[in-house]
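Right, one structure below, let's go through it.
No value in this document is a laboratory result; all are computed from the given coordinates. Bear in mind that the values here come from a model prediction, so they are computed numbers and not experimental data. Heads up, the Cβs are rebuilt from the backbone with ideal geometry, glycines too, and the neighbour counts pull from every protein chain shown.
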């Protein structure tokens, strides 16, 4: 159920420079194009207003909202895929336009401009090659050492030239203004209990977090969220939703415990204690209540009663309705962000949202 944003150790890339440039020109395959075409023909239905009446049964209306809600969990992944395809295609077209403009200014072809960007000597030391070879001995088990090292040298050289090319393209973005107006799909979660909301009521940015107290990536992202809230104290409201997992033995027990703490206005203190605890057990849950000076008798009664299960199940159903099945998952003003994202990733979206709202855009 967890999703990691962490990358593994360096491995020999299997993507050559030519393949990378080919992707820039031909990013959408025939099968993906067919998928796009199919979705595009379906979009007019979802483009109708939410209150548009689509059918009447014995004078009882069925609205667009009702239809969308009934299939939302299936539609959301398709919308996200369509957005990702459009975003990739748009970025490739932007790069193409930038190259065409710069090539015209220099009086050369686009291909010649690419060659200029990647031209020049590349110094790949024998030590670099040897170090990479030793790290990947099993990969080259069927190659002779000389052949393997030559492949590695060419690969490192290609990476350097590709880096030059990307840096040059990034430089063009600073010379020629680029404004991206593609709208990202947005999800609208239902309102949750006030106990699990932190931040100003009139915040311009609402972050809804779906997390599990036994998910290590959820634990890792907490310091990032805390720092983000400190950087934008007047702009961000955090809404925590529990996405408990049967794969984690104390997931539901922790969810019940924090919900019971919420009844004594201790939700966030207990939330923080759960994520900072080195380990969790039924005994530790009780100890946390004692340490936080909760009414332990009432806390234990609440935990054993099962009365918090309804709220936990409601959060689960809400996640399923929105097509969310991984933790941590964040909705930032409805924009989907999955995994233990970095502070910069959060800040980028927050700044985009603040600028959008400042500009008066509705989408």
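Taking other C-beta atoms within 10 angstrom as a stand-in for reagent exposure, 290, 248, 271 fall in the order 290, 248, 271, fewest first. The order of the peptides 140-153, 336-349 by mean Cβ neighbours within 10 Å, most packed first, is 336-349, 140-153. Residue ranges 319-328, 113-122 sort as 319-328, 113-122 when ordered by packing (mean number of other C-beta atoms within 10 Å per residue, highest first).
May I ask you to compute the full-extension gain from residue 54 to residue 356, defined as 0.36 nm times their residue separation minus their alpha-carbon distance, rounded to one decimal in nm? Walk me through the intermediate numbers first.
Working: separation 302, 0.36 × 302 = 108.72 nm, distance 3.19 nm.
Here the answer is 105.5 nm.
Short-range pairs are left out: with C-alpha atoms under 8 Å and at least six residues apart, the relative contact order of the range 228-363 is 22 percent. Among 131, 123, the order by Cβ neighbours within 10 angstrom, fewest to most, reads 123, 131. Spatial offset of the range 69-140 relative to the range 199-218 amounts to 33 Å, using the alpha carbon center of each. Taking 0.36 nm per residue of sequence separation and removing the Cα-Cα distance, the residue 72/residue 119 pair yields an extension gain of 11.9 nm. Sorting 52-65, 94-107 by their mean Cβ neighbour count within 10 Å, with the most densely packed peptide first, gives 94-107, 52-65.
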